[in-house]
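Let me begin by presenting the structure, written as structure tokens, before commenting on it.
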Amino acid sequence: MTDAATVASPVASGTTTLATSKSGTSLSGTTGATLAGNFQTFLTMLTTQLQNQNPLDPLDTNQVTQQLVQFASVEQQLKTNDQLSSLITLQQTAQSTQALGFVGKTAVVDGSTANMTNNSAVWDLNVPKASTVNISITNSTGQTVYSNSYSVGVGDNQTFGWDGKGTDGTQWPDGKYTLTATGTDSNGQTVGITTGVQGTVSSVDLTQSPPLLSINGQTYTVSQIKAIVS
């Protein structure tokens with residue numbers, strides 16, 4: 001085993017709006033106002049009819065009741081739509097606020113290709129069972145530049161750091177490198193190892209829903225963040 005790479009202990013982890021008219025009034029608001037006016041007109045007409053109905057041919061109470069229920073149901077649905085629109089707006093605001101809080105933070109996302117900067121590249125390993133983990137690192141052309149085996153305990157977000165030195169001691173230049181990890185337990189059974197990459201959240205695109213975070217030149221949603229390292 002060389003000192004070129006180390007495996008550390010687990011790190012601390014960290015819509016569609018309603019359409020509007022040209023005047024800016026929501027369709028639900030316009031419809032609601034129309035419905036309210038029609039409802040009041042209906043009640044006025046109903047009251048007048050009840051006051052002046054023919055005793056020999058009274059109004060059908062079942063039909064009147066059905067009409068009242070239909071008006072009330074539509075009015076309630078419109079109010080529900082307005083409330084849902086408000087909830088969506090609040091959710092979008094919360095997502096934007098949360099996303100902005102990640103700017104400048106070092107985040108962990110699923111992936112196997114990391115940027116080596118100043119002779120330092122870091123990956124995260126998720127090991128479901130204590131294993132002997134075989135590490136292989138290749139450069140952007142697919143050439144294997146480093147390989148070694150490590151005994152690693154069970155745990156998620158275990159950092160693996162590489163100083164850019166190849167298996168033969170050659171210092172490789174900064175750039176993109178891809179890590180592949182395979183595990184074998186004490187019984188010789190294969191253990192599935194998943195990897196993550198670390199990167200600084202450089203910016204947030206709030207014009208998208210949900211907002212997109214820029215990490216190492218790639219974009220991710222908040223839900224794709226696995227952990228916050230620092």
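The values are calculated or read from the model by the stated rules, or taken from the named source; none is laboratory data. None of the values given here were measured: they were computed from a predicted structure. Note: ideal-geometry Cβ built from the backbone for every residue, glycine included; neighbour counts use all protein chains shown. The protein model used for the area step is the full one, side chains on, heavy atoms only, and it has no ligands, DNA or RNA in it. Shrake-Rupley method; radii C 1.70, N 1.55, O 1.52, S 1.80 Å.
Taking the criterion of being open to solvent by 30 Å² or more (accessible area, probe 1.4 Å) and of a type outside the set (Val, Ile, Thr), the residues of segment 127-151 that qualify are 128, 129, 130, 134, 136, 140, 142, 143, 147, 148, 149, 151.
On the given criteria, is residue 189 among the polar types (S, T, N, Q), at pLDDT 85 or above and in contact with a Phe, Trp or Tyr (Cβ under 9 Å, 6 or more places away or on another chain)? Before you say what the answer is, go through the steps one by one.
Details: among the polar types (S, T, N, Q): yes; at pLDDT 85 or above: yes; in contact with a Phe, Trp or Tyr (Cβ under 9 Å, 6 or more places away or on another chain): no.
Spelling it out, it is not the case that residue 189 is among the polar types (S, T, N, Q), at pLDDT 85 or above and in contact with a Phe, Trp or Tyr (Cβ under 9 Å, 6 or more places away or on another chain).
Residue check: is residue 109 surrounded by 15 or more Cβ atoms within 10 Å (Cβ to Cβ) and under 30 Å from residue 97 (Cβ atoms)? Taking the combined requirement at face value, the residue satisfies it.
Conditions (1) assigned to a helix (DSSP H, G or I); (2) at pLDDT below 70, marked per residue:
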site	(1), (2)
71	yes, yes
79	yes, no
85	yes, no
90	yes, yes
102	no, no
122	no, no
133	no, no
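On the stretch given as segment 161-193, residues that are surrounded by 14 or more Cβ atoms within 10 Å (Cβ to Cβ), β-branched (Val, Ile, Thr) and not in a loop (DSSP other than H, G, I, E, B) total 5.
The single condition among (1) over 30 Å from residue 187 (Cβ atoms); (2) not in a strand (DSSP E or B) that residue 129 does not meet is (1). Mind counting the residues in segment 119-164 that are of a type in the set (S, T, N, Q) and touching a Leu at 6+ places or on another chain (Cβ under 9 Å)? Number of matching residues: 5.
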